[in-house]
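Only one structure is covered here, and it is reproduced in the block below.
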Amino acid sequence: MSNAPSTPPAAALEALFASRIVILDGAMGSMIQTFGLKEADFRGGRFQDHAHDLQGNNDLLSLTRPDIIEQIHADYFAAGADLVETNTFSSTSIAQADYHLESIVTDLNLAAVACARRAARRAEAATPGRRCFVAGAVGPLNRTLSLSPDVNRPDYRAVTWDQVIAAYTEQIRALLDGGVDTLLIETIFDTLNSKAALFAAENVFAERGTRVPLMISVTITDASGRTLSGQTIAAFYHSISHARPFSVGINCALGGAAMRPYVEELSQIANCYVSCYPNAGLPNAFGGYDETPADMAGVLGEFAANGWLNLVGGCCGSTPAHIAAIAAAVRSLPQRKIPAPVTAMRLSGLEPLLVA
């Protein structure tokens, strides 16, 4: 099947996954830190008089320093990434409320897609016949539907279901308007938040009469093997499988070695493609990440050799050098084969339940 530019993005993405292990980009935040940006960089001209401090609002740089965001994407494409994520991890009204910038959410998402799309076009032009893809990154929010932020009020929630739906709907509409090839709902620590994002996506697809592939990635927070809201990896998969995900996987929180049993389990039960993009190890005492490109490539290369992966990349602390090493490690290895679906009723709470 041809991956020529005339091929529709969804079909070209499916053809790529069917042909080999696909390469995702690495971290955005740690790359931004290498530029030593100051408050003025985040303010640019548009936000010079904004009353709230803006340094640290990395998503804002798609508007105020698009040159930096585009270059980071370009560096990942040059390292071998097939797919980059937009700089929109916190580009929702709920997350931007911390900076009093709820009103610019649509602009943030459109600008971020434009940065990634320009980098993709540059990479495609540099290698005729190459196809480069852009995933609209949909983050987990800084509010949770499942847990109370007040230990004395376990019934309290800082946000409502309807508010989360509205925030995700606004972001997803803008990402699709910008022209993303797929949506990546990622770094999920609360399954209910992710279900709100999936509900919002399906509503937007329905109102437009078209859809893009949905990619989903969860975070296992520690050695318990559970999400922050308490689910095992199998229970989580059962909870979101109704959304017909294009891929499901694990990212963030842990280094690759610590993800091993969870990636293996997911690879055995998921009736879709499986992804893994870990941190470059656990944070050290200074907040940095110590795993070298060779370290990450060795672990993820083993996962690929075991037949567990369809999509691989890096999360916190990873760089273009990490992605280049990972790409080289999996280049000659076959992609995971999707198992035949199990005919059973699959339920989940904190644990999975299969009723054959």
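Conditions (1) closer than 23 Å to Gly129 by Cα; (2) β-branched (Val, Ile, Thr); (3) in a loop (DSSP other than H, G, I, E, B); (4) in contact with a Pro (Cβ under 8 Å, 6 or more places away or on another chain), marked per residue:
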position	(1), (2), (3), (4)
Thr7	yes, yes, yes, no
Ala11	yes, no, no, no
Leu16	yes, no, no, no
Asp41	no, no, no, no
Phe47	no, no, yes, no
Gln55	no, no, yes, no
Asp59	no, no, no, no
Glu70	yes, no, no, no
Phe89	no, no, yes, no
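Once segment 261-282 is narrowed to residues that are surrounded by fewer than 21 Cβ atoms within 10 Å (Cβ to Cβ) and aliphatic (A, V, I, L, M), the residue that is farthest from Phe17 (Cα to Cα) is Leu282. The single condition among (1) among the β-branched types (Val, Ile, Thr); (2) under 15 Å from Thr86 (Cβ atoms); (3) modelled with pLDDT under 95 that Val134 does not satisfy is (3). Exactly one residue out of Thr169, Thr210 is surrounded by fewer than 21 Cβ atoms within 10 Å (Cβ to Cβ), β-branched (Val, Ile, Thr) and in a helix (DSSP H, G or I), and it is Thr169. Scan segment 114-130 and give yes if some residue there is farther than 19 Å from Ile68 by Cβ, touching a residue at least 60 places away in the same chain (Cβ under 8 Å), crowded, with 23+ Cβ neighbours inside 10 Å and not acidic (Asp, Glu), otherwise no. Checked segment 114-130: no residue is farther than 19 Å from Ile68 by Cβ, touching a residue at least 60 places away in the same chain (Cβ under 8 Å), crowded, with 23+ Cβ neighbours inside 10 Å and not acidic (Asp, Glu). Restricting Ala253, Ala258, Ala297 to residues that are of a type outside the set (S, T, N, Q), within 18 Å of the chain's Cα centre (by Cα) and either surrounded by 17 or more Cβ atoms within 10 Å (Cβ to Cβ) or part of a strand (DSSP E or B) (or both) narrows the list to Ala253. As a summary of the residue check, Cys276 satisfies the conditions (1) at pLDDT 95 or above; (2) assigned to a strand (DSSP E or B); (3) over 20 Å from Gly29 (Cβ atoms) except for the one numbered (3). Exactly one residue out of Val159, Val164, Val180 is assigned to a loop (DSSP other than H, G, I, E, B), touching a helix residue (DSSP H, G or I) at 6+ places or on another chain (Cβ under 8 Å), in contact (Cβ under 8 Å) with a residue 60 or more places away in the chain and more than 22 Å from Gly314 (Cα to Cα): that is Val159. Report the residue count in segment 137-156 for those that are in contact with a helix residue (DSSP H, G or I) (Cβ under 9 Å, 6 or more places away or on another chain) and part of a loop (DSSP other than H, G, I, E, B). Result for segment 137-156: 8. Looking at Glu85, Glu70, Glu102, just one residue is touching a Cys at 6+ places or on another chain (Cβ under 6 Å), charged (D, E, K, R) and either touching a residue at least 40 places away in the same chain (Cβ under 8 Å) or surrounded by fewer than 19 Cβ atoms within 10 Å (Cβ to Cβ) (or both), and that residue is Glu70.
So, in segment 18-39, how many residues would count as being part of a helix (DSSP H, G or I) and either farther than 16 Å from Asp67 by Cβ or modelled with pLDDT under 95 (or both)? Adding up the residues that qualify gives 6.
A count restricted to segment 221-242 and to residues that are at pLDDT 95 or above, among the aliphatic types (A, V, I, L, M) and closer than 20 Å to Gly256 by Cα stands at 2. Only one of Arg121, Arg117 is out of contact with any helix residue (DSSP H, G or I) (no Cβ under 8 Å at 6 or more places or on another chain), modelled with pLDDT of 95 or more, part of a helix (DSSP H, G or I) and not acidic (Asp, Glu). Can you tell me which? Among Arg121, Arg117, only Arg121 is out of contact with any helix residue (DSSP H, G or I) (no Cβ under 8 Å at 6 or more places or on another chain), modelled with pLDDT of 95 or more, part of a helix (DSSP H, G or I) and not acidic (Asp, Glu).
The values are calculated or read from the model by the stated rules, or taken from the named source; none is laboratory data. Because the structure is predicted, anything quoted here is derived from the model rather than measured. With ideal geometry, Cβ positions are generated from the backbone for all residues, glycine too; neighbour counts draw on all protein chains shown.
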